[in-house]
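Take a look at the structure set out below.
The values are calculated or read from the model by the stated rules, or taken from the named source; none is laboratory data. These numbers come from a predicted model, not from an experiment. Counting neighbours? That spans all protein chains shown, and the Cβs are built from the backbone with ideal geometry, glycine included. For accessibility, only protein heavy atoms count, side chains too; no ligands or nucleic acids. Shrake-Rupley method; radii C 1.70, N 1.55, O 1.52, S 1.80 Å.
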Amino acid sequence: MLSYRPSELDDCSYLAKHIRKADLREITDTAGHSPLEAFVAGYNASLRPLTIMGDVPVGMAGAVPVGPSEGVVWMLGTEGIKADRVSFIRQSRGVLNEVCEPFDWVSNCVDKRNTLHLKWLSWLGFSFLREVENFGINKITVYEFARVC
């Protein structure tokens with residue numbers, strides 16, 4: 001069964017070495033970051049970064065403040081999430097609620113090609129606001145999404 005705990009900086013190195021291909025594609029296509037840069041940036045900028053744990057770290061999530069009541073929510077993971085999909089889905093709402101606690105609402109963008117992420121975000125209660133073309137370094141199409149906390 002998966003659980004979650006406050007993130008530690010060392011989690012970033014492990015997770016970066018084992019990042020899911022879909023997550024790697026999204027961070028390189030949008031921001032041009034390496035996996036380690038993405039995890040460390042998220043860890044440092046988030047108010048309460050959380051690590052999703054199995055036997056080893058399988059993901060990290062957080063929300064970065066961008067205004068007095070708004071955060072940019074993010075999550076990156078490894079293939080280890082698939083080892084216990086049911087537990088991951090059940091834990092997702094708790095993780096989201098905890099990282100979103102200080103905000104009135106959170107938002108971000110997701111790669112249009114990633115249909116699994118789109119379904120998961122919808123299940124978590126996010127609304128898709130608009131489609132944005134030519135986004136990021138590699139000019140991909142993304143959907144902006146948001147949720148009231």
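Here are the numbers for the structure shown:
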read-out	value
Segment residue 8-residue 33, extension gain: residue separation times 0.36 nm, minus the distance between their alpha carbons	7.0 nm
Per residue, in Å², the accessible surface of the chain once ligands and nucleic acids are set aside, probe 1.4 Å	52
Residue-averaged [θ]222 nm for the chain, counting only DSSP H segments that reach four residues, each worth -39500 (n - 2.57)	-11000 deg cm²/dmol
Extension reserve of the residue 101-residue 85 stretch, reckoned as 0.36 nm per residue once the Cα distance is removed	3.3 nm
Charge context of residue 22, other residues only, Cβ under 11 angstrom, K/R +1, D/E -1	-1
Long-range amide H partners of residue 4 with built H, under 5 Å	53
For the chain, built as a Gaussian network whose Cα springs stay under 10 Å, the top-fluctuating residue of 77, 42, 136	136
Phi-based couplings in Hz for segment 23-30 (Karplus 6.51, -1.76, 1.60; Gly and Pro marked x)	5, 4, 4, 5, 6, 6, 6, 8
For the chain, cysteines whose Cβ has no other cysteine Cβ within reach (under 4.7 Å)	12, 109
Label-to-label distance, nm, for residues given as residue 113 and residue 45 (7 Å Cα→Cβ offset)	2.3
From phi via Karplus (6.51, -1.76, 1.60), per-residue ³J(HN,Hα) for segment 117-127 in Hz, x at Gly/Pro	5, 4, 5, 5, 4, 4, 4, 6, x, 6, 9
Quarter of the Cα convex hull surface for segment 69-127, i.e. its orientation-mean projected area (nm²)	4.2
Gaussian network model of the chain, Cα within-10 Å springs - most flexible of 106, 40, 64	40
The chain: most fluctuating residue of 28, 115, 51 per GNM, C-alpha cutoff 10 Å	115
Rounded to whole Hz, the Karplus (6.51, -1.76, 1.60) HN-Hα couplings of segment 143-148, x for glycine and proline	10, 7, 9, 8, 8, 6
Gap separating the Cα centres of segment 1-62 and segment 90-149, nearest whole Å	16
(1) 39, 31, 28; (2) 61, 37, 28; (3) 74, 50, 33, with the label sought being that of the calculated Cα extents along the principal axes in Å	(1)
